[in-house]
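The block underneath contains the structure these notes are about, expressed in structure tokens.
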Amino acid sequence: MNAALNPAPMPLWMVAELTYRCPLHCAFCSNPVDFAKVESELSTEEWFRVFAEARALGAVQLGLTGGEPLSRPDLELLVAEAHRLGFYTNLITSGVGLNETRMRALKDAGLDHVQLSFQDSTRELNDFLSSTRTFDLKRRVATLIKGHGFPMVMNCVIHRLNIDHVDRIIDLALEIGAEYLELANTQFYGWADLNRAQLLPTREQLERSEAVVAGYRQRIGKQLRILYVISDLYETRPKRCMNGWGTTFMVVAPDGLVMPCHAARMLPGIDLPSARNTSLQQIWRDSPAFNRFRGDQWMPEPCRSCPEKAKDLGGCRCQAFLLTGDVGATDPVCDKSPLHGRVLQIVNGPRPVAPAVERPLVFRTPENSRRLIADTAEP
Amino acid sequence: MNNPSPLSRTSYPRIAPLYRFQWEAAQNAYVLLFPEGMVQLNVAAGEILRRCDGKQSAEQIIADLRIAFQSDAIDDDVEAFLRSATSDGWVEWRDGATP
């Protein structure tokens, strides 16, 4: 997506988090840790209105995600309406709940593409990391997706416990016939941030895996396109936050909160508007939340006078908040940040030798979420 | 494989199934949509791809574009674009017309 082509920012990409319900319990989930607070989901009709308003603003890519979007019994209706409005519809799923009947109904509704997540190339680690028995099911779902002629993206979140299997993960993607493979190194928000000590790969692991991916790319050419995204913490320049805060993306949470990025719910001092009582047009153009980090007026030094400020726009707001406590700080991933030392401390500091044994992973379950909410409530 | 070497002028190019081609009023442009991505097309690219419907041969498309752009000197540009669109996987080719 090249937002630079558009003079006025347009939310080309809308992510609809249809529900926080999910049969998986992945320890690196980017959902907010207090998701159990959210009880009232937007209704079918409310989503129809949200889709129509987004489309009128120029949105064309629609990501249907969650949680697990298949947990919504009205998913087929939502896809049909989005398709009718002219969206390119992407279903982002764990595959749990996808059977022949629903697959056919989704095809008939006009679904364009399915992104299927795996947690590892092995049954043992896949099932351990998601805290479920789902590996065999995912293999069957992959066959179903290809059988219905969908383009398929296989997604695997990469971290310390599976990064040494990158070769086998690529083999799996080739075997199931995916067109794209997203190897997304864990970014440390939400549940992943809780489990950072266990999940952040070592520098040696990262370098080995990059060499493996480069070797595969050379060998397999265009039959599978591999997107390999490394963790920001190993960079010395930050990435743009969602291609620039309020420039391209709009995320609508299950309860209708509208966010400039998936993790914005945890940012303090940002009053997120709701699609339940405000139009998306008003939210996108006028809300303080969406205007807060647009442009460069908000930037502190060293960003303000930096020749690269137009390139990374000061980096990720959530990362800045999590690592510095200040949502308006320069992303400390940047080695020009006075607080870059905190990032170095994390990547070079002592790590558990046997990560998941010395310190158990906190899995994303409603019980754990409620416990974490209670912990924050009692200081 | 029914995918003859591209740019036989008598073959029929069409948008590959991985892609969706549509007009976006908000962008005032044709776009190509694919999983989680989009290419905004310039006027010439849009006019060429609009005609890649599997029902017209490359020869017919070029003849039509000569009229649309009121120029006889477009053949090389159209062929170059189709070659690159084919190598990007946007366009595939058939020996005959798609019914």
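The values are calculated or read from the model by the stated rules, or taken from the named source; none is laboratory data. What you are looking at is a predicted structure, and each value in this text was computed from that prediction instead of being measured. Note: ideal-geometry Cβ built from the backbone for every residue, glycine included; neighbour counts use all protein chains shown. The protein model used for the area step is the full one, side chains on, heavy atoms only, and it has no ligands, DNA or RNA in it. Shrake-Rupley method; radii C 1.70, N 1.55, O 1.52, S 1.80 Å.
Taking every alpha-carbon pair under 8 Å whose residues sit at least 6 apart, chain A reaches a relative contact order of 20 percent.
The smallest convex shape that holds all Cα atoms of the protein assembly as shown, its convex hull, gives 164 Å³ per residue.
Net charge around residue A:321, counting only other residues with Cβ within less than 15 Å of its Cβ (Lys, Arg = +1; Asp, Glu = -1)? Net local charge, residue A:321 excluded: +1.
For residue A:285, tell me the accessible area in Å² from a 1.4 Å probe, rounded to the nearest 10. That residue has around 130 Å² of solvent-accessible surface.
Using only alpha-carbon positions in the range A:235-318, the gyration tensor eigenvalues give semi-axes of 25, 13, 10 Å once each is multiplied by 5 and square-rooted (largest first). The value for the range A:157-271 of Rg(Cα) / (2.2 N^0.38 Å) is 1.23.
Stick to the Cα atoms of the range B:14-88, pair each with every other, and give me the Kirkwood hydrodynamic radius in Å at one decimal.
Numbers: mean 1/r = 0.0773 Å⁻¹.
Taking every pair of different Cα atoms in the range B:14-88, averaging 1/r and inverting gives 12.9 Å.
Report the calculated FRET efficiency for residue A:197 and residue A:336 (r = Cβ-Cβ distance, R0 = 25 Å), to the nearest 0.05. Write out the running numbers ahead of the final one.
Values: r = 27 Å, r/R0 = 1.06.
That pair, residue A:197 with residue A:336, gives E of 0.40.
Let me spell out the model: positive unit charges on the Cβ of Lys and Arg, negative unit charges on the Cβ of Asp and Glu, origin at the Cα centre of the protein assembly as shown. What dipole size does that give, in debye rounded to 20? Don't skip to the answer; put the middle values down first.
Working: 52 positive and 58 negative charges, 68 e Å.
Computed charge dipole of the protein assembly as shown: roughly 320 debye.
Springs between Cα atoms under 10 Å define the GNM used for chain A, and in it the highest mean-square fluctuation of A:197, A:52, A:214 occurs at A:214. Rounded to the nearest 500, the helix-only mean residue ellipticity at 222 nm of chain B stands at -9500 deg cm²/dmol, with each DSSP H run of n ≥ 4 adding -39,500 (n - 2.57).
Rounded to the nearest 5, what % of the DSSP beta bridges within chain A are antiparallel ones?
On the way: 3 of 36 bridges.
If we restrict to bridges inside chain A, about 10 percent are antiparallel.
Ordering A:133, A:21 by how much accessible area each has at a 1.4 Å probe, largest first, what is the list? Each step should come with its number before you reach the end.
Details: A:133 220, A:21 110 Å².
My answer, sorted largest first, is A:133, A:21.
Accessible surface of residue B:87, taken over heavy atoms with a 1.4 Å probe and every protein chain present, rounds to 70 Å².
With 18 Å as the cut-off, how large is the P(r) tail for the range A:81-200, expressed as percent of Cα-Cα pairs? All intermediate terms of the calculation are to be shown ahead of the outcome.
On the way: 3782 of 7140 pairs.
Looking at the range A:81-200, the distances longer than 18 Å represent 53 percent of pairs.
Straight-line cross-link partners of residue B:55 among the lysines, defined as a Cα under 29 Å from its Cα and at least 8 positions apart when in the same chain: A:107, A:146, A:222. What relative contact order, as a whole-number percentage, does chain B give when Cα pairs under 8 Å and 6 or more residues apart are counted? Once divided by the residue count of chain B, the mean separation gives 42 percent. Of all the options A:204, A:81, A:124, the one that moves most in a Gaussian network model of chain A with Cα springs shorter than 10 angstrom is A:204.
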